[in-house]
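Read the structure below first, then the notes.
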Amino acid sequence: MSYIFVLDTKRCIGCGACAVACMDQNDLEPRQGDPVFRRCFTVEKGENKYDPVTYMSMSCMHCKDAPCIQGCPSGCLKKDPETGFTVYDNTNCIGCHSCAMACPFAAPGFGREGKMVKCDGCIERVRQGLQPACVKVCPYQALSLVSQEEFEQRNREKKARLLAYTALI
Amino acid sequence: MKNYAIVGFGCAGYHAARAIRGADPHGRIAVFSDTGQPPFNPMLTTYYASQRLSLEGVFPFGTLEEVERELSLELHGDQPVLRVDARARRVETQAGGEDFDAILIATGARALVPESLRQGGGDFFLMRTLADAQGLRDHLDSHRVEKAVVVGGSMVGIKVAELLHRRGIQTTMADAAPYLFPLAAYRSTAEAIEARLREAGLKLVFNAQVSTIEPGGVRLVSGELLEADLVCLCIGTRANVELAANTQVVEGQGVRIGRGIVVDERMATDCPGVYAAGDCCEGIDLQTGKTAIIGLWANAGAQGDCAGRNMAGLPARYYGNILHNITHFFDMDFIGLGDPRLPGQRHLFQGKNYTVEIALEGERLNSVNIFGNYRISGILKSGLTKRLLDGGARLTTAQQGLLRAEGMSADFVELIGGDRAL
Amino acid sequence: MNDLRAMTKGKLPGSETGIEIRHTICDICTPGPQCGIDAYVKDGVVIKVEGTPGFPTNQGALCTKGAANRQYIYRPDRIRTPLRRVGKRGEGRFEPISWETAMEEIARGLNRVKETYGPESVAFMTGYPKWYRPWLQRLAFSFGSPNYFTESSTCHKSETMSWRLTYGCEMRQDILGMPEVLVGWGCNPLVSAYPMGRSYYQYKEQGGKVVIIDPRRTPTATQCTDLFIRPRTGTDGYLANTVARLIIENGWADMEFIQAHVHGFPAYREMVMGYTVEKAVEITGVPEEEIRELARLIGTAKKAIVQPSNGLSHHKNGLSTHRAVICLNALTGNVNKPGTLFPAWDTAADMSAGFRTYEGEFATERFPQKARPRVGAGRFPLWCEMFYEAQAMDLLRFWKAEESYPIRAMYAHGVNHRMYPESSGLLEMAGEMELVVAADLFMTDFCRHADIVLPACSSFERGEVKSYPGGYINYTSPAIAPLYESRDDVAIITMTANALGLDDPLLRAGYDISVKHIYRDVPLDLDEVKAAGLPSKVECGAGRDYFAAPLNTPTGKIELYSERIAKYEADYGLDPLPVFSDGFDCPPTAEFPMSLITGGRLTNAVHSRLHDVPWLRDLRPEPAADIHPEDARRLGIAQGDEICLVTRLGRIRVKANLSAISAPGEVNFYHGYREANVNEIIPKEHLDPYSGFPGYKQLRCRVEKAEVTM
C-alpha cells in the first residue's frame, strides 16, 4: 500500500502542533543543532479584510519520483516498496547537501553530525497501523495520510481543498 | 527477447539498466565495463581520500554482485570495448563482436591533463577515479607532506584543498581564472567565499596560468614557483567520446560530437538505436536551448533513466537541465543555479548566516548564487527550472511560505516568481 | 537497522521495546480542556506524548502546547528542592532545605504575621495551574484570611459575572444543535480553545453559517467564517446595542419569550433606541450593510447563537459590553432550546459535566465571616458580592492606601507577576513582605523574590480527579514519579495546613479523602475510577430544566436590566443597563494616535508559561507585534524591524510583524514575554469599574521604529 500525505488547507491554522509532535517523536532539538522535519507557516497575500490567507504545514512530500533519490551521490535514499515513503540510511551520507538542492520543498536537513535527516513518514508506526505523529496530533484533522487509492478516489470526487504534491522536477 | 548493451557502468549506465529492467523483465542486458568495480561515484573520491567514507561507501548501488543480481545483468567486466558498429548495432571486443537491439554509450569522463604540464617532470595526483583517491590516501599515509598545491579552483579542487588543509598541510590553490568557481559563481560571491577561505588559512592564487609541474612545485607562466611536496591537478574533465568517435552512422559520417556526444530529448544520438547518457554526452541546457555537458551525478542518473526507457521502447523525454552546483566545503555551502554569465540585474539579499544573489533579466530569473542557507536551494532550483520549461510557472504557495520560513524576505519571494505577500 | 532498533527509534510501545503507555492529562492551559495524554514511558522517563484516543475533550488529538508536554515537564529550570533565600530578594540566591525545615519556617512566619497583624494580613495567591484552587481557598479561609487572590481576577470571572447578572448562571452554547447562524463575538476558538474550534468546523461542515466579529483577523475569522465583521477594538457594545435596536425596530424581537422570561425590557428598549446606525458606523468603523446584515441574521433566524468571548470582558467597558452582546440571545428568544443556549451548571474546576459535586462548598464553607473586608471590597462591591475572592487588581492600590490594614505575607502557588498591569509593582510589594512563600514548577521571577520556594510537580507526576462534559469523571495516577524532590500542590497545601496546625481535619486529611468528600454524591467508587485509568461515565439523567425554577437573579428572570447592579448605581455609578461607554485609558491625542490590543492567544503559548519551552518558543522566536502594512509604510517599518510600543506609561521594544491580523490604526501584541512585558505599560488603574478587570485590549499607544543600537 502506497501512502500520500494530504493537507486540507481550509482546516489548517498553521498552529505548529504537527511540528512539535514531529520533534517529540524524532527527538529533535533544534537548539542543539537538529534540523526540523516539519514547518508551519502563514502566507498572507494582500492586506485587506478578505484577501487570501493560507496556513500550511509542510514536510517531506514523499514524492512519487523523488528527485532527492537521484540527487544523492551516496545512494542513501530510496523508496520503501511497502509504504511508498522516501526513506534513508545515512551511514554513507557525506553531508554534501545535494539532496537539499534536489528537493522542491526544502525537506532534507542536516543534523549535528552533518548527515542528512528528514521525515521518514513515521514508517515504523505506519507499519504497525499507527498514524504518523503529525497526523495523530492534528487538532483539526487537517493533515492526513491516505492510501494512493483513497487519494485518487477523493480526487475523483473532487473533494475540495486537497493538496498533495508530486515533485515536477 | 530484446538484447541491450550498456557500455560503461557508472551512474548513467546503472540507471539505464534499471529502467530497462523495469520496463522489460525478460530482456538481456549486457554490461561492458573495464573497471572491474561496481558503479562508482567520482564525486566521492575526496571523501574516500580523506577517510570520511569507507570503500563500500563509494559504491552507492552496492557491490557488483548485488547489482548484477538485482537487475539480472550479464556482466562483461574484463573486456574493453574496441568499437561500436552503429549500422549493425554491434559491440566489438577482443573476444569478438555481438549484435544488439539498442546500445547505450555511458563511458563518463576523465580528468583533464594537458600534455604540456607533464613537461616539467614533476609528479602530480589527479582526483577522478577510485585509484586516484587510493593513491592520494596511501601517499598521505606514508609521506610527510608540508606544502601542497592544488591546481584548479574547481569543485573537486576545493575539496582536495580542504582535505589537505585539514591534515595540517600548508595548502595553496592556484587557478588561471580571476576568481573562484567562475563557471558557477558571480565574482561577488566568489570573493566572499575567498575571504572566508583565506580566513581559514588557505592560500589562494588567481590569474595563475600554470606552465609546468616540476619536482619542486608548480611553475607558473609568470615564472613564479609555487613550492610544493605534493601537487594535485583538478582543472576539469573531458568526456570519453572516443568510442562514439569511432562509430559511423553512415559510411564516412560520424556520430555528432561536440565536447560530448550530442543527444536529443530521448538521449538518442543521431545514429538510430545508439544512445548516450551521463558525463560523456551533451544534453540540452534549458537556458540556452543548446546542448552542453552538465556533468552532475543526478543529471547522469536522469539521463540514464531516460535512455533506458527509450531503449526498452517507452516514450520517455528528458527535457534537459540547467547548470547547477552545490559544494559543501570548509563548513560552508556554495550553490550556483543557472549560468552566471547570462545577463541580468543583480539583487543581493543578506541574512544572518547567508547571502543570496540573483540575476534577473526583466522578469526572468537567469541565475542564483547562494552562500549558506543550503536548505532553500531546491526550491530555487525547481522554480528556476519550472520557469524555463513553462514561462508562466509560479512558485507554489507552499514554496513561498517555506522560503519565508527560512528567512527570505517578501521582496525576494516576489522577485523570483512568488506572489506579493505581507 | 535491525527490527528492534528501528522499533525503539520509532518509539513503538510494547514488551520488546520496553515502552509503556500511561494515561495522564495535560495541565498546561488549565482548566479548559484538560486533554487526555498518553505518555510513552520507558525506564520511568517520558519519551513521547500523544492524545488519548476517545478522550472526552481531545479525542486523541493535542494542541501545539499539549504536544510539547515532554519538554515542558523536563524543563531544566524545574525547581528541585525546597529552597531558602540567602541573597537579597530578586537576586535569586537560595540554599536547599528539607521539606520539614521549609514547613516549620512557613508555619512560624505565617502564624507570626497572623498574631501581629491579623489573619487578613496574609495574602493567599495563585496563578496557574488551577487544579488545587479549592484546597488553597480553603487553606486561606481556615487560616482566617479572606484575601484569596487568583488569576481569575483578570481571566474569566468577569464573563461569569455577566452571565450570572443577566441569566442567573453561565450558559453554554449548543452549537451542534445547529442554529441557523452562529455569531462568535470576539471568539477565536481555533486558536484559543481547540475542542470548541472543532465544533465550529463540524458546525460549518453540516451547513452552518458563522459570523465572526473581531477587531483582529484571526485564523477563525479567515478559516470558517461566512461573514467577518471587524469593529474597532472596544466598540462592540455600541455595535451590539445598535443591532438590538434594529432587531426591535424590525419586529424580530421574540416578545412572547420576553413577556415570559425577561426582566427590564422597556428600559432596555428605551436605552437601545438611543443607538443609531449612523453613529455605529462612525464609532465601530463597520459598514452599514454589515451592521444591518448582522441584525437580520440574528433577528430572523429561527435559532441563533450569539457566543461571547472572554476577550470582550478584558476592556474597561468590558462587563457592560459582554452583557450587551449576550442580551441579544434573550432578545430573540434564543434560550433553552436545541441550537441555542443552555445553562452550564458547574460541576467542578469550572467544568460543566452534567452532575453535581460539593467543590464549591468544600472551598468556601470555612469563609471567615468576621474577618476584615477583603481587598477590593470597597472598590468592586459587585465582584465581592458574587465571589468568595479578593479582587487581585486592587491589591497594589490597597497595599499603598492609607485606610488599609497591612498585607505582610504572601503564600503563593504558581503566581505570575506579569499578569498584573504595572507588573513590577507586585515584585516591589513582595520585596517588603515579612514572608513570601512561592510554590512553582519553575524558578520564575516571582519565585526569585520569595523567602521560601517549594518545588511543585506537573500533572504527569500526580493523580487528579477531573470531570468532563458528557458526564465523565476521571482520576489519573502518576505516569512518572515526581521529579527531584517535587510534590504536588495539594500535598504542599496539606503539609502547610498541618504545619500551621489548622483546625480543619478534612483539609489536613489530604487529597484523596477530600476529593471523595467533594464527589460523595457521584454514584461511582473513585478508587475504581482511578483503577480504570480512563474517564468513566456517570449517569446524569436529563438534568434540571433552565426555567423549571426561578432563575438565580433578583427577579428570577433574565435581567436585561440588572437589579443586582442597580444596588450600586447611586454610590458607584454603575449602570444596570448594558450601556456603551468609551473604554480607552485616556482621550485621543496626537502623541498616542493608535490603539493597542493585547492578551490575544498564540498557538504556541499560554500567558508566560511556555515561552521558555524551546520547541514552542522556536515556532515564533521573537516577541512580535502585528501591525498593518499601511501603518508600517507610514512609519517606515519593515518586516522584522525593531519597534517600540509606547503608552503613556512607557515603552517596550519588540519586533514588527506586518500582518492584516491588525486593522489599520490598531496594533496587536501578545502578553507574557519576559523581555517585552506589555502589562508593564498598561496602567494599573485602567480597570473596569464593574468587575475590576484590566482594559488589556484597548489603550492609546504609539508605534515607533526603534533606534538600532549596535
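Each value in this text was obtained by applying a stated rule to the coordinates, not by laboratory testing. Keep in mind that this is a model prediction, so the values were computed, not measured. We place every Cβ from the backbone using ideal geometry, glycine too, and count neighbours over all the protein chains shown.
Annotations for the structure displayed:
- q = 0.06, 0.09 Å⁻¹, chain C: log10 I(q)/I(0) [Debye, one scatterer per Cα]: -0.34, -0.81
- Within a straight-line Cα-Cα reach of under 16 Å, C:K400 can be paired with the following lysines, leaving aside sequence neighbours fewer than 8 residues apart in one chain: C:K684.
- Rough spin-label spacing in nm, given labels placed 7 Å along Cα→Cβ, for B:D264 and B:R364: 2.4
- For the range C:225-306: rounded, prolate or oblate by the Cα gyration tensor [a/c cutoff 1.5]: oblate
- Distance between the C-alpha centres of the range C:72-150 and the range C:25-47: 26 Å, rounded to the whole angstrom.
- Dipole magnitude of chain C about its Cα centre (Cβ charges: Lys, Arg +1; Asp, Glu -1), debye to nearest 20: 720
- Backbone N under 12 Å from the B:L183 label point (7 Å along Cα→Cβ), restricted to the range B:115-155: B:153-155
- Degrees between helix C:288-300 axis and first principal axis of chain C (Cα, 0 to 90, nearest 10): 80
- Angle in degrees between helix C:133-143 and the longest Cα principal axis of chain C, rounded to the nearest 10: 70
- Cβ-derived FRET efficiency at R0 41 Å, C:R84 paired with C:D571, nearest 0.05: 0.30
- Percent antiparallel among DSSP beta bridges (both partners in chain B, rounded to 5): 60
- In this calculation the C-beta distance from C:E205 to B:R198 is compared with R0 = 56 Å, giving a FRET efficiency of 0.35.
- Take each residue in A:127-140, count the other chain C-beta atoms within 10 Å of its C-beta, and the mean is 5.
- Computed over chain A: relative contact order in percent, which uses C-alpha pairs under 8 Å that are six or more apart: 34
- Dipole of the protein assembly as shown, positive end: most advanced residue of C:P505, C:C327, C:A193 [Cβ charges, Cα centre]: C:C327
- Remark: the range C:266-400 is approximated by an ellipsoid whose semi-axes, taken from the C-alpha gyration tensor as √(5λ), come to 36, 23, 12 Å, largest first.
- Prolate/oblate/rounded call for the range C:1-60, Cα gyration tensor, a/c under 1.5 rounded: prolate
- Sparsely packed GluC sites (Glu not before Pro) within the range C:398-439, loop by DSSP, other Cβ within 10 Å at most 15: C:E402, C:E403, C:E432
- Taking 4.7 Å between beta carbons as the limit, the unpaired Cys residues of chain A are A:C12, A:C15, A:C22, A:C40, A:C63, A:C72, A:C76, A:C93, A:C96, A:C103, A:C122, A:C138.
- Modelled this way, with points 7 Å down the Cα-to-C-beta line, the labels at C:S424 and C:N552 are 4.2 nm from one another.
- Peptide C:64-74 is shielded by partner chain Cβ atoms: per residue, an average of 5 of them sit within 10 Å of its Cβ.
- Cα gyration tensor category, rounded, prolate or oblate, for chain B with a/c compared to 1.5: oblate
- For the protein assembly as shown, the dipole from Cβ point charges (+1 on Lys and Arg, -1 on Asp and Glu) about the Cα centre works out to 700 debye, to the nearest 20.
- Share antiparallel - DSSP beta bridges, the range B:113-235, percent rounded to 5: 35
- Cα centroids of the range C:533-572 and the range A:64-85: 63 Å apart.
- Against the main long axis of the alpha-carbon atoms of chain C, helix C:318-331 sits at an angle near 60°.
- Candidate cross-link partners of C:K9 among the lysines, defined by an alpha-carbon separation under 21 Å and a same-chain spacing of 8 or more, comprise A:K78, A:K79, A:K115, A:K118, A:K136, C:K42, C:K48.
- Computed from point charges on the beta carbon alone (+1 for Lys and Arg, -1 for Asp and Glu), the dipole magnitude for chain B about its Cα centre is near 800 Debye.
- When the convex hull of its Cα atoms is projected in every direction, mean area for the range B:265-314 (nm²): 3.3
- The eigenvalues of the Cα gyration tensor, multiplied by 5 and square-rooted, give the range C:171-343 an equivalent ellipsoid with semi-axes of 23, 19, 14 Å from largest to smallest.
- Per-residue Karplus couplings for the range C:89-95, computed as 6.51 cos²θ - 1.76 cosθ + 1.60 with θ equal to phi - 60°, are listed in order as 4, x, 6, x, 9, 9, 10 Hz, Gly and Pro entered as x.
- Between A:Q32 and C:E270, the simple label model (points 7 Å from Cα in the Cβ direction) yields a spacing of 7.1 nm.
- Think of the range B:37-158 as having a plus end and a minus end, set by charges on the Cβ of Lys, Arg, Asp and Glu; of B:A102, B:V156, B:P38, B:V156 sits farthest toward the positive end of this dipole.
- With all pairs of separate Cα atoms included, the protein assembly as shown yields a Kirkwood hydrodynamic radius of 34.8 Å.
- The range C:70-111 - Debye-derived log10 I(q)/I(0), Cα point model, q = 0.21 Å⁻¹: -0.80
- Among beta bridges that DSSP assigns inside chain C, antiparallel share in %, nearest 5: 50
- All alpha carbon pair distances within the range B:150-262 were sorted into 5 Å bins beginning at 0; the resulting P(r) in whole percents reads 2, 11, 18, 18, 14, 10, 8, 7, 6, 3, 2, 0.
- For the range C:44-109, GluC sites (Glu not before Pro) meeting the loop criterion (DSSP other than H, G, I, E, B) and having at most 12 other Cβ atoms within 10 Å: C:E91.
- For chain B, the relative contact order comes to 15 percent (Cα pairs under 8 Å, sequence separation of at least 6).
- Farthest towards the positive end of the charge dipole of chain A, among the residues A:Y50, A:M1, A:S147, is the Cα of A:Y50, using unit charges on the Cβ of Lys, Arg, Asp and Glu.
- Rg in Å to one decimal, and Dmax rounded to a whole Å, for the range B:324-415 via C-alpha atoms: 12.4, 38
- Distance between the range A:92-132 and the range C:671-689 - C-alpha centres, whole angstrom: 44
- Taking every C-alpha pair closer than 8 Å and separated by at least 6 residues, the mean separation divided by the residue count of the range B:1-93 gives a relative contact order of 29 percent.
- Sites matching trypsin sites (Lys or Arg not before Pro) across the range B:121-229 that sit in DSSP coil, with at most 16 neighbouring C-beta atoms within 10 Å: B:R144, B:R167
- Averaged over the residues of peptide A:109-120, the number of Cβ atoms from other protein chains lying within 10 Å of each residue's Cβ is 1.
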